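For reference, the structure discussed in these notes is given below.
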Ligand SMILES: [Zn+2]
């Protein structure tokens with residue numbers, strides 16, 4: 001699984017949990033960052049075999065620290081704790097849990113795509129559904145997941161601010177026939193939109209300073 005991992009990041013992002021999208025992008029690929037580092041250090045092992053699977057030539061035959069089930073659970077808990085600690089008062093327990101689950105989602109999606117090379121513990125009891133052996137199917141799943149994630153992202157985030165703007169436009173005096181009710185609702189819409197705008201700016205500043 002490659003781009004499909006990012007679907008989880010898009011789907012998990014919402015205005016309620018206030019987790020920056022870039023944090024979720026890192027979270028969903030966190031296990032692969034660990035894996036790449038450990039491979040470079042010679043701790044985990046990788047070889048290239050032509051035709052290993054239809055979708056990948058990489059045979060990662062020894063990766064117990066980054067890609068075993070137990071390892072993934074430990075890294076997920078670690079990421080949730082780091083996020084909670086790092087963001088301190090700003091991060092709710094719920095947000096930290098989402099970050100942890102985003103990290104763990106990597107293992108679940110790898111389990112679908114990988115051949116039987118994901119150990120449950122250490123380098124034992126290897127599992128994997130092997131979707132990489134079906135290139136078209138795997139590619140289709142990745143695209144579908146990514147599209148689904150982006151749709152959810154837009155549903156959770158973009159549509160809310162659009163709704164505030166739509167409210168303003170619909171309540172414009174000339175757009176609503178100068179009715180007394182529309183005029184009375186307009187200041188409420190304006191206040192709501194301004195609150196949302198200043199909230200976005202504050203969040204942006206916070207993200208810049210962290
Ligand atoms: Zn992976």
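All of the numbers you see were taken from the coordinates with simple rules; none came from a lab. Just so you know, these numbers come straight off a predicted model, no measurement behind them. Here Cβ is always computed from backbone atoms with ideal geometry, including for glycine, and neighbour counts include all displayed protein chains.
What shape does region 5-156 have by the C-alpha gyration tensor, where a ≥ b ≥ c are the square roots of the eigenvalues, rounded means a/c under 1.5, and otherwise prolate means a/b greater than b/c and oblate the rest? In terms of gyration-tensor shape, oblate. Cβ-to-Cβ counts within 10 Å put 23, 127, 99 in ascending order as 127, 23, 99, the fewest first. Footprinting exposure proxy ranking of 125, 75, 156, fewest other C-beta atoms within 10 angstrom first, gives 125, 156, 75. Judged by the gyration tensor of its Cα atoms, with axes a ≥ b ≥ c, region 86-150 is oblate; a/c meets the 1.5 cut and b/c is at least as large as a/b. Going by how many other Cβ atoms sit within 10 Å of their own, how do 1, 57 line up, fewest first? Fewest to most other Cβ atoms nearby, the residues stand as 57, 1.
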